[in-house]
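One structure is given here, and the rest of the page talks about it.
The values are calculated or read from the model by the stated rules, or taken from the named source; none is laboratory data. Here the structure is a predicted model, which means the values were calculated and not measured. FYI the Cβ positions are ideal-geometry reconstructions off the backbone, even for glycines, and counts take in every protein chain you see. Side chains are part of the model used for accessible areas, which takes the heavy atoms of the whole protein and leaves out ligands, DNA and RNA. Shrake-Rupley method; radii C 1.70, N 1.55, O 1.52, S 1.80 Å.
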Amino acid sequence: MVNNFLDDMHRPALPYKFKFKFSGCPNDCVNSIQRSDMATIGTWRDSIQTDDVLGKKWFAKHGMDELVNDVISRCPTKALSLKNTKDVSTAEGISSVAINDTQSMQIENHSCVRCMHCINVMTGALAPGKDKGVTVLMGGKSVLKIGTSLGTVIVPFMKLESDEDFDALNQLAQDTIDFFAENALEHERTGEMIDRIGLVNFLEGIGRDIDATMVLQPRANPYVRTDGWDEEVEKANQRKANAA
Ligand code: SF4
C-alpha cells in the first residue's frame, strides 16, 4: 500500500493529507480507527477459539470473582455466560471454554463484536477465530474542521490472503483517493468530506454497495423507512450467497 500510494499521501497533490493505518487485530494499538483516513484492521468471522486446559489453568490462578467481574460482566454485548458444562448449548455459533471439571464459560459468537476484551484477559484459553480477514473503515481523523471523528465501516469483512485480495484492497484505496481528489474541498479530510456529502453519496462515488453491517453508530431511533426493503434484502442475500 505504501509503495503504491506514497506519492499520493502527501500534500499538495491531494486537497489535504490522506493517511493509511494497519492494525493486526481489533485491539487497534496504532489507533487506526481514530487516526487514519483508511483503517485496515485484522479480524475474524468464525467462532473464538478455546483451549480447555488453559481455561482451567487461568481459572485456578484467577478464580470466580475475576471471571465474573472482569471477564463475563465486561463483555459489551453480553455474549459470555457462566454455565454448568452439561448445560452448554450445542447450537451453531456457540463455543465454550472449561474453567473446572463441571463449569464452563459459554460464548455466543453471533453476539460477539470482536472487542478483544475476553481474549486479552484470558489469552491462550481464548483466541481469535481461524477464518481471518480485515475490516476497512474510512474517515477517522483528529480535530480539524468538524472535530474528532472515528472511521466508518466501509467493508465489514474481506479476506486478505491471495494476491487478488491485496489487489482488491489497493483498488479500494485507489477509488477512494480518486474520489477524494475530485470532490474534497481544500484542506478537508476524508471524514469531513463524507460528513458534508453524506455516506450514501460517498459509497456511490467509490462504487461500493450499501450494507447493513456498515456501522457509523448503533441506531437509536426505532422508526425506520422501509421503502426499497425487499430489494435490499434480496441484494444482501445475494452477497451472502456469493461469499459462501
Ligand atoms: S471479544 Fe466478543 S465475546 Fe469477548 S468480550 Fe468482546 S464482544 Fe464479548
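Count, please, the residues in segment 175-187 that happen to be surrounded by fewer than 19 Cβ atoms within 10 Å (Cβ to Cβ) and touching a residue at least 40 places away in the same chain (Cβ under 8 Å).
Summing the residues that are surrounded by fewer than 19 Cβ atoms within 10 Å (Cβ to Cβ) and touching a residue at least 40 places away in the same chain (Cβ under 8 Å) in segment 175-187 gives 4.
Filter segment 21-55 for residues that are among the hydrophobic types (A, V, I, L, M, F, W, C), assigned to a strand (DSSP E or B) and in contact with a Ser or Thr (Cβ under 6 Å, 6 or more places away or on another chain) and give the result. Outline the logic, then answer.
Quick first cut of segment 21-55, residues among the hydrophobic types (A, V, I, L, M, F, W, C) only: 22, 25, 29-30, 33, 38-39, 41, 44, 48, 53-54.
Retained after the next criterion (residues that are assigned to a strand (DSSP E or B)): 22, 38-39, 41, 44.
Hits for segment 21-55 are Phe22, Ala39, Ile41.
Output the residues belonging to segment 79-113 that are open to solvent by 40 Å² or more (accessible area, probe 1.4 Å), under 16 Å from Phe59 (Cα atoms), away from the ligand (no atom under 16 Å from the Cβ) and not in a loop (DSSP other than H, G, I, E, B).
Asn84, Thr85, Gln103
Mind listing whichever residues of segment 114-154 are within 30 Å of Val200 (Cα to Cα) and loosely packed, with under 13 Cβ neighbours inside 10 Å?
Result: Asp131, Ser142, Val143, Gly147, Thr148.
Is it true that Thr40 is at pLDDT 90 or above, within 26 Å of the chain's Cα centre (by Cα) and open to solvent by 40 Å² or more (accessible area, probe 1.4 Å)?
Judged against the criteria, Thr40 is not a match.
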